[in-house]
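Right, one structure below, let's go through it.
What follows is calculated from the coordinates using simple rules that are stated; it is not laboratory data. The shown structure was predicted, so the numbers you read here are calculated from the model rather than taken from an experiment. Note: ideal-geometry Cβ built from the backbone for every residue, glycine included; neighbour counts use all protein chains shown.
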Amino acid sequence: MNLAQSVLNGDRLALARLLSRVENTTPEGLAALDALFPHTGKAHLLGVTGAPGTGKSSLVNQLALHYRKQEKKVAIVAVDPSSPFTGGAVLGDRVRMRDLSGDTGVFIRSMASRGSLGGLAQATAGVVQVFDAAGFDVIIIETVGAGQSEVDIARLAHTTLVVEAPGLGDDIQAIKAGILEIADILVINKADHSGVDATERALKTMLELAHPVRRVFQHHGQAFEVPAHHTIEDNGRLLWIPLIRRTVATEAKGLPELLEAIDLHTAYLRESGDWARREEARLEVEFDLLLREKLVEHFRQQVPDEVVSSLFAETLARRLAPREAIGQLLQRMKS
Amino acid sequence: MTERKIRVLVAKPGLDGHDRGAKVVARALRDAGMEVIYTGLRQTPEMIAEAALQEDVDAVGLSILSGAHMALVPRVVELLKTNGQQDVKVFVGGIIPDEDVPRLKEMGVMEVYGPGASTEKVISDIRSAIPTAG
């Protein structure tokens, strides 16, 4: 029996092995992905990102425990950085997820970021598709919020949680990196630490900037308050206003409120048509990427390497602009 | 095709709380370009086998300083086999009396490393035991 079929039948070893093949983009892994594709599109993809030390893994642990109480099958993809020098990695997110051990309704997979950023996003997308096809209801993707790769991965998710903690000075850092804009829900974890009010104030201020539409609310005398409504109408389109929630993940505090916020966002996604729009945008990007990849491959097969390198030499000598060189290459392909 | 990485689970079964050795090995393997999944302290053999399965590792390193290796190691080896991961290499580090080493190897343990063992040896043993990877 092939791997894809075994995964659909609920074989956990086959699932684990297929995840490796997808991560390594082996031909077998890619073929299985194609076979599984019709079975995807059902899971709720939850992105959890934030600076190191904000308590993401503990929070993911708690979220998974709560979803398990609702009898939902949970997959966790925990991404940690690879060493840029040796390519190795120590993946330690499982340390904080030991409560989930022994439950076959939970599957945790650690992933190293490996080489390229784009590659990571692609590999993660593949891994998520496998979990989706395998029948997991909720797939949590945990990443360190440090830059573009997280933004790419967040694009995968239906609902993105950005985790902050008081006293790290993170709020401003996060904003600089553009992490805040991807948040559907802002979680202030470690809310028992001092400085939590200041962190919440800073986040609210930044939300005001990121969502100018909220000025309407100021106009109605609700300035500096999280609006009672988490959505607003803007030119006939329903918009989501990111919610802020406080948690203490290690003591399981604030979790019901956070889960409620996630449910609200899920309802919003369905109601506004955003769920379908996100799926469409995601597939469009994948479609586009693959098209480019395959076109380049096809082109390389048709045009000899010497032609490419001689035109590149012309560019290097500044006799041809890159655009002109590419134009000549394309001419050759047509003829 | 992306380069295939050796994946190793480094685990501490049993009740002793000394994880220095496990961390040194984890770091050394990382520096050798491997992907190390570290599970933390006080893992049961069941938890270790489950993690090995989910992470699809090539090798499992067990650090044991409590003296309970003759109970813990065979259990892990057996569970790996039950899960269909009999090809996963198991190595053991810690305080293991000499007379237990042959018995552990009979159970299918790849190698046993005592205090003072070099991390280079651990790395080269893993590399030669897992030929398909770089």
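Numbers for the structure displayed
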read-out: Sequence-distant lysines (8 or more away, or on other chains) whose Cα lies within less than 20 Å of A:Lys73; value: A:Lys42, A:Lys56
read-out: Surrounding net charge for B:His18, when Lys and Arg each add one and Asp and Glu each subtract one, Cβ distance under 13 Å; value: +2
read-out: Neighbour cut-off at most 11 other Cβ (10 Å), DSSP loop, GluC sites (Glu not before Pro), segment B:72-121; value: B:Glu99
read-out: Net charge of neighbours whose Cβ lies under 12 Å from the Cβ of A:Leu59, counting Lys and Arg as +1 and Asp and Glu as -1; value: +2
read-out: Within a Gaussian network of chain A (alpha carbon springs, distance under 10 Å), most fluctuating of A:Ile141, A:Ile182, A:Ile232; value: A:Ile232
read-out: For A:Leu91, residues with placed amide H under 5 Å, excluding near neighbours; value: B:Val36, B:Ile37, B:Tyr38
read-out: Chain A - percent relative contact order, Cα under 8 Å, separation 6 or more; value: 16
read-out: Under the Karplus curve 6.51 cos²θ - 1.76 cosθ + 1.60, θ = phi - 60°, whole-Hz ³J(HN,Hα) for segment A:21-31, x wherever Gly or Pro sits; value: 5, 5, 4, 8, 6, 7, x, 4, x, 5, 5
read-out: Cut-off under 5 Å, modelled amide H: who pairs with B:Gln43 long-range; value: B:Lys12, B:Gly14
read-out: Viscosity 1.002 mPa s, 20 °C: Kirkwood-radius Stokes-Einstein D of segment B:7-128 over Cα pairs, µm²/s; value: 154
read-out: Per-residue HN-Hα couplings for segment A:189-194 [Karplus 6.51, -1.76, 1.60; θ = phi - 60°; Hz; x = Gly/Pro]; value: 7, 6, 6, 8, 7, 6
read-out: Long-range HN-HN contacts of A:Arg246 with modeled amide H, under 5 Å; value: A:Ile188
read-out: Top of B:Gly67, B:Gly14, B:Gly84 by mean-square fluctuation, Gaussian network on chain B, Cα under 10 Å; value: B:Gly84
read-out: For the protein assembly as shown, share of DSSP beta bridges that run antiparallel, in % to the nearest 5; value: 10
read-out: Sequence-separation-based contact order of segment B:7-128, relative, with Cα cut under 8 Å and 6+ spacing, percent; value: 27
read-out: Dipole magnitude (debye, nearest 20) for chain A, charges at Cβ of Lys, Arg, Asp, Glu; value: 420
read-out: The protein assembly as shown - convex hull of alpha carbons, volume per residue in Å³; value: 194
read-out: Tilt relative to chain A, helix A:117-133 - C-alpha long axis, 0 to 90 degrees, to 10; value: 70
read-out: Note, ³J(HN,Hα) from phi for segment A:12-19, Karplus 6.51, -1.76, 1.60, rounded to Hz, x at Gly and Pro; value: 6, 5, 4, 4, 4, 5, 5, 4
read-out: Segment A:24-109: chymotrypsin sites (Phe, Trp or Tyr not before Pro) falling in loop per DSSP and having at most 12 other Cβ within 10 Å; value: A:Phe85
read-out: Residues of segment A:278-300 with amide N under 16 Å of the 7 Å Cα→Cβ point at A:Leu238; value: A:278-279
read-out: Computed [θ] at 222 nm, helices only, for chain B once each DSSP H run of length n ≥ 4 contributes -39500 (n - 2.57); value: -12500 deg cm²/dmol
read-out: B:Arg127/A:Asp192 FRET efficiency (R0 41 Å; Cβ-Cβ; nearest 0.05); value: 0.35
read-out: Gaussian network model of chain A, Cα within-10 Å springs - most flexible of A:His66, A:His298, A:His230; value: A:His298
read-out: q = 0.21, 0.23, 0.24 Å⁻¹, segment A:12-95: log10 I(q)/I(0) [Debye, one scatterer per Cα]; value: -1.25, -1.28, -1.28
